[in-house]
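Since the structure comes first, as structure tokens, the remarks are kept for the end.
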Amino acid sequence: MSKRSFTDEEMNILRQNKYTYCVSKNMISFTIEFKEEFWKRCQAGQLPRNIVEELGYDVEMLGKERIWGLKQMIKKQAEEGRFREGPHTSYAVSNHPDYSKLHGEQKTRAMEHELYYLRMEMEFIKKILQPGRETK
């Protein structure tokens, strides 16, 4: 069975939670702070359903499939050693998020994330182009 879609009213409710990075009809993305707190509580033995509820989300609205997937995604990011904010996509200039679909603070966070990504990319390019660097 597939995940159910959010109604407009549910999306507005989800956007009000400080841990929501962005939300659309079919998906919700969480902040790094949410993922860190979720993982810390998981490691302490709390159930994902209880964690989500304690962090201000309606577990019925999210559904058990989404919560199970959330746990798997956060576990994978924890194993990689880095929590990512928002959906896992490239924020290269040609593939930036559609800011018109984001609201308020979500839009600001997405732009800050893209700016950070582009700065890191520029530093990488500068290192590659340094004079005297051997190419293989």
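Quick notes
- Ordering GLN46, ASN17, GLY81 by Cα displacement along the dipole of the chain toward the positive end leaves GLY81 in first place; charges were set at the Cβ atoms of Lys, Arg (+1) and Asp, Glu (-1).
- For the range 1-70, the Kirkwood estimate of the hydrodynamic radius, built from every pair of different alpha carbons, is 12.3 Å.
- Span-like helix ranges in the chain, DSSP H, alpha carbon extent 20 angstrom or more, Kyte mean at least -1.0: 104-128
- Inter-probe distance in nm under a simple model that places probes 7 Å from Cα toward Cβ, at CYS42 and TYR117: 2.2 nm
- Rg in Å to one decimal, and Dmax rounded to a whole Å, for the chain via C-alpha atoms: 17.6, 59
Quick note: the coordinates plus some simple rules give every number you see, no bench work behind them. A quick note: this is a predicted structure, and the numbers were derived from the prediction, not measured. Don't worry about glycine lacking a Cβ; one is built from the backbone with ideal geometry, like all the others, and counts go over all protein chains shown.
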